[in-house]
Amino acid sequence: MSQSKIKIKIFGYVQGVFFRYTTRKFARNLGLKGYVKNMPDGTVYIEAEGPKDKLMELLEFSKRGPKHAQVEKVEHEFKPSTNEFKGFDYDF
């Protein structure tokens, strides 16, 4: 299956609720590569590569997030894969 990349920005009450931790765990279980990062503006940013169907699962997860998150809006875009990531982790 062809590889793709997705960039996701999640708005709402998404920091301090284990969003990065659960995203990393979810993405690793899907076999995706990339990272998740808290942004200074209070959003969470995800960049991931892998099969498009798995990226769609990650996108659906990001629309709800972990138990205590309150996701208000999600923006995303697909890009061609660059195969730049070795695993899935946090970016600080």
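No lab work stands behind these numbers, since they all come straight from the coordinates. Remember, it's a predicted structure, so these values are computed and weren't measured experimentally. Note that we place each Cβ from the backbone using ideal geometry, even for glycine, and neighbour counts take in every protein chain shown.
Structure data summary
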| read-out | value |
| --- | --- |
| Estimated inter-spin distance, Tyr90 and Arg28, nm [label 7 Å along Cα→Cβ] | 1.3 nm |
| Exposure proxy ranking, count of Cβ atoms within 10 Å, fewest first, for Thr82, Thr43 | Thr82, Thr43 |
| Between region 72-89 and region 26-45, the Cα center-to-center distance that results, in Å | 8 Å |
| Cα-based equivalent ellipsoid of the chain: semi-axis lengths in Å, sorted from largest, via gyration tensor | 20, 12, 12 |
| GNM result for the chain, Cα springs below 10 Å: residue of Pro80, Pro66, Pro51 fluctuating most strongly | Pro80 |
